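Below is one structure, written out as structure tokens; comments come after it.
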Amino acid sequence: MMWLCIIIGVLLVSAIAWLVRRQRFLKLRAHLMQEAIRNRDFTFRLPTDGLLPGERAMQQTLNQLGETIRQQVNQNEVESWERLTRVLTHEMMNATAPITSISQSMLGRDDVKGTPLEPGIQAIYDTSRHLSKFVKNYRKMSELENPVLADVPLSPLIDDVCKAYPELTWEVSIPGGITVRADAGMLHQVMMNLAKNAVEAEAKKIVITPVDSTSTNQLRLYIGNDGLPIPAENRQSLFVPFFTTKRNGSGIGLSLSRRMMIQQGGMLDLAEKPLSGCHVGFILTVMVP
């Protein structure tokens, strides 16, 4: 009887010790998730291996919640940029249109041609035209049409993009027969933008391969290249409209691409760490039927 009591006591103490360690383990995981959200790292995920069924379900929910929060934050940012863009477009068009018209008219006058006034008026005209072109780029951000979603075979779409840039070496490892739920034109444009950026960054190859997804109704594609790496100080501003490090860049390519993906229920992100052989990588998330 005494040995039975001892065995029960040992088992009870072991169970209590295991429970205490388990609670500390779960508390640490909760702290890590909280810190990730506080630091706006909504891509942070914790593994579900080695958890009890209830704990695994909770962790999966938290991982998916982080993804939901990230999508909502990005959507709110896009909507804020849209409102700002509409206001700026209206004000800039009102200001530049009469300047362009008046300066163009004055350049055609006989009392201006060949006089010291002509270079100054020409400068005004050229500047106003440049501003008008800039406004048109603003309009691209605010006048994007609503997507028309359909079941789109992925491999033929990627093949079309590859043919548009034959100077690149394409390493595509997408299984045949995959279909995504997307606007074919928008998705094609997004991939074209990524390829164009790679060429401008002196890339020689592009890698496209699936990566793990936390959702069964999404497909995540890694699209990387071996072009010039993105400086650390520019990573946070990469999707900000009109931010560019190129001399003649408009700064709308990536921000517009992300907006097109969000409208389709997907996302475009910069990969945290490029895969082997790549210097830059993006994660393109698309919906699947």
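Key figures
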quantity: Pair list, Cβ under 8 Å, 6 or more apart: the range 45-61 residue in contact (Cβ under 8 Å) with a residue 60 or more places away in the chain and over 14 Å from LEU32 (Cβ atoms), other residue charged (D, E, K, R) and loosely packed, with under 15 Cβ neighbours inside 10 Å; calculated: none
quantity: Single unsatisfied condition, VAL190 versus (1) β-branched (Val, Ile, Thr); (2) open to solvent by less than 50 Å² (accessible area, probe 1.4 Å); (3) out of contact with any helix residue (DSSP H, G or I) (no Cβ under 6 Å at 6 or more places or on another chain); (4) not in a strand (DSSP E or B); calculated: (3)
quantity: Within the range 1-52, considering residues that are polar (S, T, N, Q) and more than 29 Å from the chain's Cα centre (by Cα), the one nearest to GLN72 (Cα to Cα); calculated: GLN23
quantity: Residues within the range 154-175 that are of a type in the set (Val, Ile, Thr) and part of a helix (DSSP H, G or I), tallied; calculated: 2
quantity: Lone unmet requirement of (1) touching a residue at least 60 places away in the same chain (Cβ under 8 Å); (2) within 27 Å of GLY66 (Cβ to Cβ) for ASP212; calculated: (1)
quantity: Tabulated pairs, the range 16-40, first at negative phi, second surrounded by 11 or more Cβ atoms within 10 Å (Cβ to Cβ) and among the β-branched types (Val, Ile, Thr), C-beta under 9 angstrom, 6+ apart or interchain; calculated: ALA36/THR43; ILE37/ILE69
quantity: Candidate set: the range 87-136, residues that are part of a helix (DSSP H, G or I) and of a type in the set (Asp, Glu); chosen: the one modelled with the lowest pLDDT; calculated: GLU91
quantity: Given (1) under 23 Å from VAL190 (Cβ atoms); (2) modelled with pLDDT of 85 or more; (3) exposed (fewer than 12 other Cβ atoms within 10 Å of the Cβ), number of the condition THR169 does not satisfy; calculated: (3)
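Residue-wise test of (1) open to solvent by 20 Å² or more (accessible area, probe 1.4 Å); (2) touching a strand residue (DSSP E or B) at 6+ places or on another chain (Cβ under 7 Å); (3) in a strand (DSSP E or B).
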site: LEU194; (1), (2), (3): no, yes, no
site: GLU202; (1), (2), (3): yes, no, no
site: THR209; (1), (2), (3): yes, yes, yes
site: SER213; (1), (2), (3): yes, yes, no
site: GLY227; (1), (2), (3): no, yes, no
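The values are calculated or read from the model by the stated rules, or taken from the named source; none is laboratory data. Just so it is clear, the structure is predicted and the values come from calculations on it, not from any experiment. Every residue, glycine as well, gets a Cβ built from its backbone with ideal geometry; the counts of neighbours run over all protein chains shown. What goes into the accessible areas is simple: the full protein's heavy atoms, side chains included, and nothing from ligands, DNA or RNA. Shrake-Rupley method; radii C 1.70, N 1.55, O 1.52, S 1.80 Å.
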